[in-house]
Amino acid sequence: MDPQRWERVQELFHAVADLPAPEREVALAQACGEDRGLYAEVYSLLQVEGNTQPLLRRGMPGVAAGIVSEPPRWREVGAYRLERVVGEGGMGTVFLGRRDDIGAVAAIKVLRDAWISPERRRRFAAEQRTLAGLDHPHIARLLDAGTTPDGTPFFVMEFVDGVPLVQYAVEKALSPRERIHLFLSVCRAVQFAHRHAVIHRDLKPSNILVRDGGEVKLLDFGIAKQLDSLDESDGRTRTGLQLLTPAYASPEQLRGEPAAMHDDVYSLGVILYELLTGARPGSHPAPLHPPDLDVLCATARHPDVAKRYGSAEALTRDVEHYLNGEPLEALPDTFRYRFGKFLRRRRRAVAVAAAFALLLGGVTVYFTVRLARERNAALAEAARTQRIQRFVQNLFLGGDKDAGPAQDLKVSTLIERGVQEAKALDPDPAVQAEFYQTLGDIYHKMGHLEQADSLLHLALDRRSGRQTGENLVAIGLLRADQARLEDAERLVREGLACIQQDLPTGHPAVAAAADALGHVLEEKGAYDEAIPVLQEAVRLRSLPGADPADLAASLYELANVYFYTGRYQESGELNRRVLEMTRKIYGLGHPKVAEALVNLGAIHQDSGRYPEAEKYHREALQITRAFFGENHTRTASNITMVARALVFQKRYEEAEELLHRAVRIQEAVYGQQHPRVASAVNELGNVALMRGRYPEARDAFARIEQIYRAVYNGKHYLIGTALSNLASVYMAEKDYPKAEKIFRAAVAMFHSTLPPGHLNTGIARIKLGRTLLRQKRYRDAIIESGAGYGILKAQATPSVSFLQSARSDLADAYEAVKEHEKAREMRAESALLDAKTRK
């Protein structure tokens, strides 16, 4: 179909689509006249549009009404209470679900008519698998999945409280450039899906929601296709029903051709056109604005696949080219076009060059003034050098030229002198600000947070431009250590924006600020946001000429986030790389080396290899203690990690002594309400629990829950850890209903803050299964223990105590429901592992 013919088909489709059926056919016949082929093409689109209504609505309205409109037989799905319908589609109904225990909300998609067709169940399961593989900040995230008591499948998604893309742009009165920035986020999400071999196939504004702050989320992968499954699915179940939206579908989609990535590219072109003009292509004439935008839209939605952008990545590149004022790849590469783009992009530079040509006659005056300025600058630099030399000299001599530095001069004395000397640099505020910030950073690293705060703000008062941004980032990192995480994120983002205004993207200061933002997001538990930020910091710090020490720092932060999201293999690989780099850069006894050792120890700890974890943590502690001293907060953190490994080896007295010391140090630095204090208190609670001191354990876990809720605004996986440990106390006291309630809250918190299949979720479900077993609710126990067992078996060593507990509990539960063969399998597996352990 040629482009003109396709435009005419679209124009007629939009002109009659909303009319009642009888009027629609009359209007279409009049508009097409004698062109019966045109009538047939538009009529076929209208038929497809009608077929996208819920199954069985046509010809069986009573049945359909019962399926779609009747309230569900159940009011709860999994741990969520259904509040209201928020959307309906060909694949199911979407409800707003709420968890009463933790107050979390989610979108619950339910296949309401699962009994009608096995194919619908297969498609529904395929959508779950697709979402599970797409972890991107602009794609709504899958949180959980399961079936209702009557066997109806459902899955739980991130709830996006937003409005459709075009509606958002209109309501916010966005400029064309702001709309294109939103569209760029959509392109990147689609590009990410394509890289993971997923074609969406139903892109439209209603499937793209925008939150109030401008965050874009792509939804509804209900008819998405995996590239490696196209042949299989298309050859097996062709029903004639086309689950797509004709107004945004490519011509080849409407013809029933096999799905391909260029289908999504076409839909993106239609969306961009509507976003910029407020109308769909063909509905009425709507010129776009600049010619480049016309070309961009037309290339994206060209009816001829060969003339369309070949991929979402190519479209994304041209959108970025447009926003940067660069030539489009879709336009001919002519000198005139590129030179015109250069003039528009460098308008200021060209004007300066022209002005310089006009002022060439004044070159003598110019050089005279310049030489005078350079002479004055040289004199000022010499005076500045003298002041810096005097500053450093006074640090060591204490102002007495006749005395040498003391033999036992302490770092703390040097820093205190430095603060006094910096006050004398008022004539040069730029140098003074540098000294204040440097000294503030040192105080921060020493754990003297109040002094650091004061000095960093003194520096900020004397800053301007890019230096202001670096100062804001430094204060933001300080706020992160003070557990004031919202302030930390605001300050670092503000600092990053300030730096980006003055410096090119590849500048080290931009990378440093990106690294700082990733660290703050990590501290907040916003891991999905932190990963792309830290990946960008790693990319910037991998550029030629970058400092290897900076690259090691960003790799370390990224390894941390991978650890917290359960990606232990990737975290381990990065940490081993960081360990090798830091040893080479700093030597064997540097704190950076200790940090990598701690991370490797934590991976061994979570994998159940406790002696290996202890080895790594003791090596790290030896380095930290030698570098910072016994009473430093980082020493206390390392002590806590050693003690944790000892607790799981049942060396309780040794662990308890270390933990009391760690708590005292952390409270002296951070006060009573801080995550580092909670970390040490948590291990004391574990010791008390294992030694049967239940009231003491209960108080410890209740305290850390209160700390984490206050610091993290009620949502963080560490709150789930505190709840799980608190429930363990009630289970030990045989208060199983109380334990069950709290375990369920812990599992819910893990589900909402960690990726599916995380070890923490598995452990909590094993514990929940045990409480159900003790209440003789054997079928429920099998579900929970079995789910937890499956998670841990895939990641932990077979001898981990939680796996052993799960096998024992499952064997007992299977015996109770007379599934003796399964019980024997579990006991045989345990016996085999016991035999291997004895060898």
| note | Within segment 528-572, the residues that are acidic (Asp, Glu) and touching a residue at least 12 places away in the same chain (Cβ under 8 Å) are ASP528, GLU529, GLU536, ASP547, ASP550, GLU557
| task | Could you tell me whether ASP809 is within 27 Å of GLN605 (Cα to Cα), of a type in the set (Asp, Glu) and either open to solvent by 40 Å² or more (accessible area, probe 1.4 Å) or in contact with a Leu (Cβ under 6 Å, 6 or more places away or on another chain) (or both)? | result | yes
| query | Out of (1) surrounded by fewer than 19 Cβ atoms within 10 Å (Cβ to Cβ); (2) modelled with pLDDT under 90; (3) over 25 Å from LEU759 (Cα atoms), the odd one out for ARG693 is which? | reply | (2)
| request: Would you be able to say whether some residue in segment 631-650 is surrounded by fewer than 22 Cβ atoms within 10 Å (Cβ to Cβ), of a type in the set (Lys, Arg) and out of contact with any strand residue (DSSP E or B) (no Cβ under 6 Å at 6 or more places or on another chain)? | output: yes
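Each row is one residue, and each column tells you yes or no for (1) of a type outside the set (Asp, Glu); (2) under 30 Å from GLY714 (Cβ atoms); (3) surrounded by 23 or more Cβ atoms within 10 Å (Cβ to Cβ); (4) modelled with pLDDT of 90 or more.
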residue	(1), (2), (3), (4)
GLU434	no, no, no, no
LEU439	yes, no, yes, no
HIS444	yes, yes, no, no
ASP461	no, no, no, no
SER464	yes, no, no, no
GLY469	yes, no, yes, no
VAL492	yes, yes, yes, yes
| task | Mind listing whichever residues of segment 318-331 are modelled with pLDDT of 85 or more and surrounded by fewer than 17 Cβ atoms within 10 Å (Cβ to Cβ)? | result | GLU320, LEU323
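Every residue, every condition in (1) touching a Lys or Arg at 6+ places or on another chain (Cβ under 7 Å); (2) at pLDDT below 90, yes or no:
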position	(1), (2)
PRO611	no, no
GLN622	no, no
ILE639	yes, no
ILE665	no, no
HIS674	no, yes
LEU684	no, no
VAL687	no, no
| query | Going by the structure shown, is VAL711 in contact with a His (Cβ under 8 Å, 6 or more places away or on another chain), of a type outside the set (D, E, K, R) and under 23 Å from ALA662 (Cβ atoms)? | reply | yes
| message | Go through segment 156-206 and report how many residues are in a helix (DSSP H, G or I) and touching a His at 6+ places or on another chain (Cβ under 8 Å). | response | 8
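The values are calculated or read from the model by the stated rules, or taken from the named source; none is laboratory data. Keep in mind it's a predicted model, so treat the numbers as computed, not measured. Neighbour counts run over all protein chains shown; Cβ positions are idealised from the backbone, glycine included. Accessible surface areas use protein heavy atoms only, side chains included; no ligands, DNA or RNA. Shrake-Rupley method; radii C 1.70, N 1.55, O 1.52, S 1.80 Å.
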